[in-house]
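A.B. asks: After the structure tokens below, expect a handful of questions from me.
The values are calculated or read from the model by the stated rules, or taken from the named source; none is laboratory data. The model shown is predicted, which means the values in this text are computed figures rather than measured ones. Here Cβ is always computed from backbone atoms with ideal geometry, including for glycine, and neighbour counts include all displayed protein chains.
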Amino acid sequence: MKPPTTNSTSTGNNDVTVRSAHEVLSGTSKKGWLARLMPFLGPAFIASVAYIDPGNFATNIQGGAKFGYMLLWVILASNLMAMLVQTLAAKLGIATGQNLAEHCRNNFPRPVVISMWVISELAAIATDLAEFLGAALGFYLLFGMPLWIAGLITAATTFLILGLERYGFRPLEAVITALVGVVAGSYLIETILDKPAWPAVIYNTFIPQFSGTESVLLATGILGATVMPHVIFLHSALTQDRIVTRNPQQQHKLFRYELIDVFIAMGLAGLINMAMLIMAASTFFNNGLTQIASIEEAHRTLAPLLGSASSWVFAISLLASGLSSSSVGTMAGQVIMQGFLHFHIPAWVRRLVTMFPSLIVIFIGLDPTRTLVISQVVLSFGLPFAIIPLVMFTSRRDIMGELVNKKITTIAASLVAALIVALNIFLLSQIFFGG
């Protein structure tokens with residue numbers, strides 16, 4: 001089974017990229033360092049979209065408005081975890097030519113596989129909900145159209161983006177990367193406008209702290225919005241057939257280039273997440289507006305505080321985030337279904353099915369932002385079922401060969417999984433038993 005981005009017939013763009021990559025791996029390329037790097041950039045940028053999706057807007061805005069800069073350290077820690085996890089996911093695809101869901105299907109008993117598929121699908125549905133709602137909100141805030149019409153436009157636009165798959169992986173990667181650039185540029189502008197207190201920003205980035213159950217809930221939401229289970233499956237699929245080599249030395253070289261891809265893409269995503277929370281803290285918390293509880297309120301309040309341009313920039317960034325992440329979420333859902341069940345449905349059918357929960361939320365009038373935050377908590381609970389198998393497989397030499405994890409890598413990844421499980425258990429105890 002191939003990931004959705006490689007199901008199309010080979011194209012000129014793909015051939016050129018793959019040929020250039022093999023020249024670099026074989027040592028015959030005469031190009032400069034940056035030109036040698038370019039063929040390998042792309043998979044992590046697609047994966048990084050999931051780390052700056054509308055769920056991040058919701059959790060970061062609420063976290064910054066209610067607690068100021070306090071939860072910046074959660075974003076830093078989550079992003080470091082994401083880098084480690086996405087590195088392992090990419091390595092699994094490079095080393096084995098199979099993705100994480102396929103390995104689960106091949107190595108676990110059938111009942112376990114079905115259970116993992118159900119949990120992963122629920123996480124994917126929560127992801128689709130967040131991303132679809134975010135894009136619809138972006139259209140709504142920009143053009144003032146009814147939310148249900150914005151939802152239908154979101155679905156149509158997502159179909160167009162996914163249609164780029166037929167032209168190979170490069171055009172889709174280019175469009176997704178461009179949308180990430182729009183989000184990054186938007187938050188660079190927002191950060192300049194809101195003039196944050198940089199000493200407080202630096203302090204809270206490195207000093208862990210909480211303030212009550214609600215801060216733990218938001219921290220878990222930030223974690224769920226940053227280290228996302230569906231994109232762990234997706235990233236392993238994006239690398240499994242993109243540039244294929246079974247030469248151990250070339251695999252090591254390919255993996256080193258993928259590390260650079262992960263570092264750049266995830267580093268950018270982390271900075272964008274921090275900028276979201278910094279904007280909310282500087283603009284809302286510092287002005288006593290701690291009850292900003294929705295993306296719509298944030299949009300309305302930005303204009304009188306920072307000027308009308310700020311609210312437009314915010315809406316544009318939300319729209320770019322929602323459209324790109326909605327497309328990526330559909331791709332991830334395909335990988336999960338194909339990998340666990342060896343069953344394929346067209347991407348457009350999956351998009352139609354997954355948009356219905358979002359439209360239901362819109363039509364019955366649920367608070368979109370609160371729904372986004374809760375969806376990120378659901379994602380956080382799905383994380384162990386992706387991370388634990390990933391650590392298991394990448395630590396096995398019979399599966400990974402020369403790219404097997406070093407002992408320190410396995411220990412670090414195991415600690416990440418344990419931390420996520422512990423945080424979720426603590427959150428449950430706080431919600432149901434108080435304290």
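A.B. asks: Would you point out which residue out of L193, L160, L164, L179 is farther than 30 Å from F426 by Cβ, in a helix (DSSP H, G or I) and over 23 Å from the mean Cα position of the chain (by Cα)?
C.D. replies: Working: L160 fails: over 23 Å from the mean Cα position of the chain (by Cα); L164 fails: over 23 Å from the mean Cα position of the chain (by Cα); L179 fails: over 23 Å from the mean Cα position of the chain (by Cα).
Exactly one of L193, L160, L164, L179 is farther than 30 Å from F426 by Cβ, in a helix (DSSP H, G or I) and over 23 Å from the mean Cα position of the chain (by Cα), namely L193.
A.B. asks: For the stretch 196-209, enumerate the residues that are surrounded by 17 or more Cβ atoms within 10 Å (Cβ to Cβ) and assigned to a loop (DSSP other than H, G, I, E, B).
C.D. replies: Within the stretch 196-209, P196 is the sole residue that qualifies.
A.B. asks: Right, something else. G322 - would you say it is modelled with pLDDT of 75 or more, surrounded by 14 or more Cβ atoms within 10 Å (Cβ to Cβ), within 17 Å of G55 (Cα to Cα) and not acidic (D, E)? Spell out how you get there, then give the answer.
C.D. replies: Numbers: modelled with pLDDT of 75 or more: yes; surrounded by 14 or more Cβ atoms within 10 Å (Cβ to Cβ): yes; within 17 Å of G55 (Cα to Cα): yes; not acidic (D, E): yes.
Yes: the conditions hold for G322.
A.B. asks: Considering only residues that are at pLDDT 85 or above and not hydrophobic (A, V, I, L, M, F, W, C), look in the stretch 192-230 and name the one that is farthest from M70 (Cα to Cα).
C.D. replies: Here the answer is K195.
A.B. asks: Counting just the residues of the stretch 210-265 that are part of a loop (DSSP other than H, G, I, E, B) and among the small types (G, A, S), which one comes out surrounded by the fewest Cβ atoms within 10 Å (Cβ to Cβ)? Walk me through it before giving the result.
C.D. replies: First pass over the stretch 210-265, keeping only residues part of a loop (DSSP other than H, G, I, E, B): 210-212, 227-228, 241-247.
Of the ones still in play, those that are also among the small types (G, A, S) are 211-212.
Numbers: S211: 12, G212: 10.
Filtering the stretch 210-265 for residues that are part of a loop (DSSP other than H, G, I, E, B) and among the small types (G, A, S), the one surrounded by the fewest Cβ atoms within 10 Å (Cβ to Cβ) comes out as G212.
A.B. asks: Of all residues in the stretch 25-83, which are in contact (Cβ under 8 Å) with a residue 40 or more places away in the chain, in a helix (DSSP H, G or I) and of a type in the set (F, W, Y)?
C.D. replies: Once the filter is applied, which keeps residues that are in contact (Cβ under 8 Å) with a residue 40 or more places away in the chain, in a helix (DSSP H, G or I) and of a type in the set (F, W, Y), the stretch 25-83 yields F40, F45, Y51, F57, F67, W73.
A.B. asks: Got a sec? Which of A89, A101, A123 is buried (at least 18 other Cβ atoms within 10 Å of the Cβ), under 21 Å from S324 (Cα atoms) and modelled with pLDDT of 85 or more?
C.D. replies: On the way: A101 fails: under 21 Å from S324 (Cα atoms); A123 fails: modelled with pLDDT of 85 or more.
On inspection, the qualifying residue turns out to be A89.
A.B. asks: Might you check whether a residue that is at pLDDT below 90, touching a Ser or Thr at 6+ places or on another chain (Cβ under 6 Å) and of a type in the set (S, T, Y) occurs anywhere in the stretch 243-260?
C.D. replies: no
A.B. asks: Quick one: how many residues across the stretch 142-157 are closer than 15 Å to L318 by Cβ and touching a helix residue (DSSP H, G or I) at 6+ places or on another chain (Cβ under 7 Å)? It would help to see each step written out before you state the result.
C.D. replies: Applying the first criterion (closer than 15 Å to L318 by Cβ) to the stretch 142-157 yields 142-145, 147, 150-151, 153-154, 157.
Those left that are additionally touching a helix residue (DSSP H, G or I) at 6+ places or on another chain (Cβ under 7 Å): 142, 145, 147, 150-151, 153-154, 157.
Here the count works out to 8.
A.B. asks: Okay, next question. Among the numbered conditions (1) among the polar types (S, T, N, Q); (2) touching a residue at least 40 places away in the same chain (Cβ under 8 Å); (3) closer than 30 Å to L34 by Cβ, tell me where Q249 comes up short.
C.D. replies: Exception for Q249: condition (2).
A.B. asks: Within the stretch 142-164, can one find any residue that is among the small types (G, A, S), in contact with a Leu (Cβ under 6 Å, 6 or more places away or on another chain) and within 26 Å of A47 (Cβ to Cβ)?
C.D. replies: Yes, the stretch 142-164 contains at least one residue that is among the small types (G, A, S), in contact with a Leu (Cβ under 6 Å, 6 or more places away or on another chain) and within 26 Å of A47 (Cβ to Cβ).
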